[in-house]
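J.: One structure, pasted below without further comment.
The values are calculated or read from the model by the stated rules, or taken from the named source; none is laboratory data. Note that the structure is predicted; figures quoted are calculated from it, not measured. Cβ sites come from the backbone with ideal geometry, for glycine too, and all protein chains shown count toward neighbours.
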Amino acid sequence: MNNNHHANSKCIGIVDAGSQYGKLIDRKLRELNIRTVILDFAFDADELTAQNVRGLVISGGPGTVILEDEEFNKLNGDRIIKLGLPVLGICFGMQLLNRLFGGAVERTDLREDGECEIEIDTKCALFNGLSSKQLVLLTHGDTCTKVGEKLKVVGKHGDTISAISHESSSFFGVQFHPETDLTPNGKTMFKNFCNICGVESSYTLNSRLKASIEELRQCIDQQQNNVVCLVSGGVDSAVCAAMLQKAVGKDKIIPVHIDNGFMRLNESKLVEKSLSDIGINLDVYNEARTFSMATTKILQMDDTYRSSLQLNKTVHPEDKRQIIGDCFISVYNRILVDRGLDVETTLLAQGTLRPDLIESGSIYASAKSDRIKTHHNDTDLVRALRARGKVIEPLKDFHKDEVRQIGAELKLSQSILQRHPFPGPGLAIRILCAEAPNMGADFVETQVILNKIVTYNDSKRRPFLLFNKIVEVLTKPELEMLDKITGGPYMYKSTLLPINSVGVQGDARTYSYCAAFSCSSKSIGTASSSPSDQQQLNTTPGSFVKGAANSANSQPGPNWDHLFFLARIIPRCCHNINRVAYVFGGEVSHAVNDITVTYLDAPTVDLLRTADDIAMTTLKMDNCLKSVSQMPVVMIPIHFDRDPVKRVASIKRSIVLRTFKTQDFMTGVPARPGKDIPESVLNKINQNILKLPGISRVLYDLTSKPPATTEWE
């Protein structure tokens, strides 16, 4: 909701440049109980006075400051530094500050996407109390190559400038993202900045909840409005329904659950029971056939519309998401007619969260952010209803962990609050549909680079044409680590898959290749990481594990340290790869140049539903549900191990386990086998899923977010 009820307290202004993580800035500040106000670049200086703004944070964004002087001046950035307030520029914000002071920003071949260790100047006030080495999230294409007048470098990643500060004024710039969980000490940096600004803590979650309840009461006309609340069964929609009931009582609220045919096994029945236990009695609509046959109009780049195919014949992920989102609204409209509700006085309530709006590129989250993926609760039809004032979303200003805290305040059961998130489109966006392999002009070259990476120890002796794609983007310690890994007893095989998955790189959507790695059966379990590996890999203490024994088949597991290191460097070496996975079951012996034609037909959905149930049941039985925030189980149209000489047709599919650990659900990391989740559990899941007919292999997603997203589509 809005921040007006704290308007007199000192606050931090966030100048929105369109970052995917921009709204995490005020989220991190909220954790410090600091009030914020979101500002457009064209903000009025009088607004700063009215809101009692004492410092400014300029967010990252997909834009660039590499512009001709005339175009750069149109950004009007100099007015920010002329205000005399302390300023913290993040990513794009740092580049803007640097150029405002006469520094140079260039687009280079170097691209940084992922967790990196940087060196900082601990004498800088922004880094007060921190050690000289810091793990941070770097994700950018443009780079500051020369600092401006009166600026100095206070952070570096290798030879790349990662942080700057002004010699005499409270102006700071960081190339990394302190607002994300992948920068563990980012909150300390924000606390230091708030201290510099003289802003104190007074903005609590409890006060925001009270304000949200009051705003709901004002929003819903007690005499006229009815509210249809769409409830999926997840924590967001359950908390939304509970907030509505607390605000206006049960009589005005009509809770509805729409089964779209892509739910987990027996999910709808479980949802109905769990919510009835807390006094929310759902009306359940079984609409599986409606969704399967649904079509919609898709807005194109030239602002014209095209008709989509039926959902059960659609392969593109954005089309799938839009069809499903629009079908929800179509069913909602039919419910209004069936119940005789007045469309002008009935409101639609959704458990929309801030990350949903951010990733959908909604103006309600940012006027400038790139659309990563369309959320079912933020399609054009939903936006049209919003514009008419017919949608209420009491959680649109909150994040997942905050929603769970609100749910606890509202006395919801832990069985609801601790449920793993499950997307509205359900299994439909966990099946990568395809009619033909995705093999662009860069496919062969990318496979060559991958091969050279996993044979780097040999390749460095015989440099090749594409060798610089590796050596120019990695730091010296990373190259040393890669040399050690590829020169050791482990033997790795890389396989570029002819499919695309959705990712987020440099604050923009990517739709790129997935790289798969497998280990030779001769190498599995023959080596383990030493303490020096942990130092060289530059990760947090305790994040490495030795290959643990596989209780299911008594064979040691792979060296996960190596695999996670490769997953971290691959997207930086190959910008057209946004996801890296490990293939269970030994070496992938043949290249994959074809796919299994895949649609959202009933047998395919049922197969994934069964695989998903195996995985989730195993996690539950082995008490592993709390060790991961979420575990999408994904089907990809890949049939491994087909000998091209024998011309075996591609008829099978594979399953990917996408474990995910996060607090903010905008960034996160995979669970570490042997640390966060036992290898024996993964092996049990692997073995049981392989018993299903039509399954080729099981994979494990090794990629952080970014450069990958939580879901594959």
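J.: Could you say which residue among R579, R609, R572 is in a helix (DSSP H, G or I), closer than 27 Å to I449 by Cα and of a type in the set (K, R)?
T.: Within the list R579, R609, R572, the selection yields R572.
J.: Here is a follow-up. Scanning segment 297-333 for residues that are among the basic types (K, R) and under 18 Å from P423 (Cβ atoms), which turns out surrounded by the fewest Cβ atoms within 10 Å (Cβ to Cβ)?
T.: Only one residue fits best here, namely K320.
J.: Determine whether E70 is out of contact with any Pro (no Cβ under 8 Å at 6 or more places or on another chain) and free of Cβ contacts under 8 Å to residues at least 12 places away in the same chain.
T.: On the way: out of contact with any Pro (no Cβ under 8 Å at 6 or more places or on another chain): yes; free of Cβ contacts under 8 Å to residues at least 12 places away in the same chain: yes.
For E70, the condition - out of contact with any Pro (no Cβ under 8 Å at 6 or more places or on another chain) and free of Cβ contacts under 8 Å to residues at least 12 places away in the same chain - is met.
J.: Name, by its number, the condition in (1) part of a loop (DSSP other than H, G, I, E, B); (2) polar (S, T, N, Q); (3) crowded, with 22+ Cβ neighbours inside 10 Å that does not hold for T64.
T.: That leaves (3) as the condition not met.
J.: Also, quick follow-up: Taking G389 and the conditions (1) free of Cβ contacts under 8 Å to residues at least 12 places away in the same chain; (2) outside any loop (DSSP other than H, G, I, E, B), which numbered condition does it fall short on, given that it satisfies the others?
T.: The single condition G389 does not satisfy is (2).
J.: Tell me, which helices (runs of 4 or more DSSP H) wholly within segment 67-122 include 2 or more residues that are in contact with an Asp or Glu (Cβ under 8 Å, 6 or more places away or on another chain)?
T.: Where helices (runs of 4 or more DSSP H) fall fully within segment 67-122 and carry at least 2 residues being in contact with an Asp or Glu (Cβ under 8 Å, 6 or more places away or on another chain), they are 92-100.
J.: With the requirement that a residue be among the hydrophobic types (A, V, I, L, M, F, W, C) and crowded, with 23+ Cβ neighbours inside 10 Å, what does segment 690-713 give you?
T.: Answer for segment 690-713, where residues must be among the hydrophobic types (A, V, I, L, M, F, W, C) and crowded, with 23+ Cβ neighbours inside 10 Å: V698, L699, L702, A708, W712.
J.: Further question: Of the numbered conditions (1) of a type in the set (S, T, N, Q); (2) modelled with pLDDT of 85 or more; (3) under 27 Å from the mean Cα position of the chain (by Cα), S362 satisfies every one except a single condition; which is it?
T.: That leaves (2) as the condition not met.
J.: Of these, I485, I431, I406, which one is crowded, with 20+ Cβ neighbours inside 10 Å, under 30 Å from P637 (Cβ atoms) and modelled with pLDDT of 85 or more?
T.: Matching residue, one of I485, I431, I406: I431.
J.: If you don't mind, another one. Evaluate the following for F43: is it of a type in the set (F, W, Y) and in a loop (DSSP other than H, G, I, E, B)? Break it down into steps so the answer makes sense when it comes.
T.: Working: of a type in the set (F, W, Y): yes; in a loop (DSSP other than H, G, I, E, B): yes.
The answer is yes for F43.
J.: Among the residues of segment 5-12, is there at least one that is free of Cβ contacts under 8 Å to residues at least 60 places away in the same chain and assigned to a helix (DSSP H, G or I)?
T.: Step one: of segment 5-12, the residues free of Cβ contacts under 8 Å to residues at least 60 places away in the same chain are 7-8.
Restricting the remaining residues to those that are assigned to a helix (DSSP H, G or I) gives none.
Scanning segment 5-12, I find no residue that is free of Cβ contacts under 8 Å to residues at least 60 places away in the same chain and assigned to a helix (DSSP H, G or I), so the answer is no.
J.: So L56 passes all but one of these: (1) part of a strand (DSSP E or B); (2) modelled with pLDDT of 90 or more; (3) touching a Lys or Arg at 6+ places or on another chain (Cβ under 9 Å). Which condition number does it fail?
T.: All conditions are met except number (3).
J.: Out of the helices (runs of 4 or more DSSP H) lying entirely within segment 455-510, which hold 2 or more residues that are over 31 Å from the mean Cα position of the chain (by Cα) and of a type in the set (S, T, N, Q)?
T.: It comes to 456-459.
J.: Ok, one more. Within segment 107-114, is even one residue in contact with a Leu (Cβ under 8 Å, 6 or more places away or on another chain) and either closer than 30 Å to G198 by Cα or aliphatic (A, V, I, L, M) (or both)?
T.: For segment 107-114, residues in contact with a Leu (Cβ under 8 Å, 6 or more places away or on another chain) and either closer than 30 Å to G198 by Cα or aliphatic (A, V, I, L, M) (or both): absent.
J.: Within segment 167-187, can you find the residues that are surrounded by fewer than 19 Cβ atoms within 10 Å (Cβ to Cβ) and either over 23 Å from the mean Cα position of the chain (by Cα) or in a loop (DSSP other than H, G, I, E, B) (or both)?
T.: E167, S168, S169, S170, P184, N185
J.: Then there's this: Can you tell me which residue within segment 24-40, out of those that are among the aliphatic types (A, V, I, L, M) and assigned to a loop (DSSP other than H, G, I, E, B), is farthest from N73 (Cα to Cα)?
T.: L32
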